């Protein structure tokens, strides 16, 4: 019989950290904590199946022995015995809702990462606090910052030497006003927005 490497690795790594000796029973002792790490680059390894080149880690914990593992989302979805709860504490059992919850946790983490530099800016620049709050409100409701927001925020972060990752600041370009605004920018201002735009956006709007 052909061996399944990821299953063999999963059994090898899970059993010693669990109370049960049967793999399926051991899986039932584990649950997703809601914690996610975005490593930005895909160079991490799943601590359960040992799959490599992961960008995201999801934490699972054994509620009996209090051990934890950082795994890929595919392992949580593949092993349905691993418990996943929604925000209200209800256990999710079907694949679709389990995946939706993992996606939500990942999005929340990415939002938190994106907002961290702006929290620093908010503390430093009292004059622009309301503008920062307004920009963040748009980001949370629409999932992106307007080009106008980004020009101001990026200039402020650059001026205060606050490090940020442009890829974490998506650009909202769904209105004529936002698209037209790009044509009015100076080269240095446009460069701030270009760094935040996806490759598809840059191609579509031929900026």
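So which residues in segment 169-207 are farther than 14 Å from residue 153 by Cα and part of a loop (DSSP other than H, G, I, E, B), if there are any at all?
Listed by number, the residues that qualify are 172, 173, 174, 175, 183, 184, 185, 186, 197, 198, 206, 207.
Starting from segment 111-128, keep only residues that are free of Cβ contacts under 8 Å to residues at least 24 places away in the same chain, then list their pairs with residues that are in a loop (DSSP other than H, G, I, E, B) and exposed (fewer than 15 other Cβ atoms within 10 Å of the Cβ) whose Cβ atoms are within a distance under 9 Å, requiring at least 6 positions of separation or different chains.
none
Condition (residue is in contact with a helix residue (DSSP H, G or I) (Cβ under 7 Å, 6 or more places away or on another chain) and modelled with pLDDT under 95) applied to segment 100-110: is it met by at least one residue?
The answer is yes; a qualifying residue exists.
Any residue at all in segment 143-152 that's within 20 Å of the chain's Cα centre (by Cα), surrounded by fewer than 15 Cβ atoms within 10 Å (Cβ to Cβ) and outside the structural domain of residue 40 (by TED's automatic domain parsing)?
Yes, because at least one residue in segment 143-152 is within 20 Å of the chain's Cα centre (by Cα), surrounded by fewer than 15 Cβ atoms within 10 Å (Cβ to Cβ) and outside the structural domain of residue 40 (by TED's automatic domain parsing).
The values are calculated or read from the model by the stated rules, or taken from the named source; none is laboratory data. On a predicted model such as this, the values are computed, not experimentally measured, just so you know. Reconstructed Cβ throughout: ideal geometry from the backbone, glycine too, with neighbour counts over all protein chains shown.
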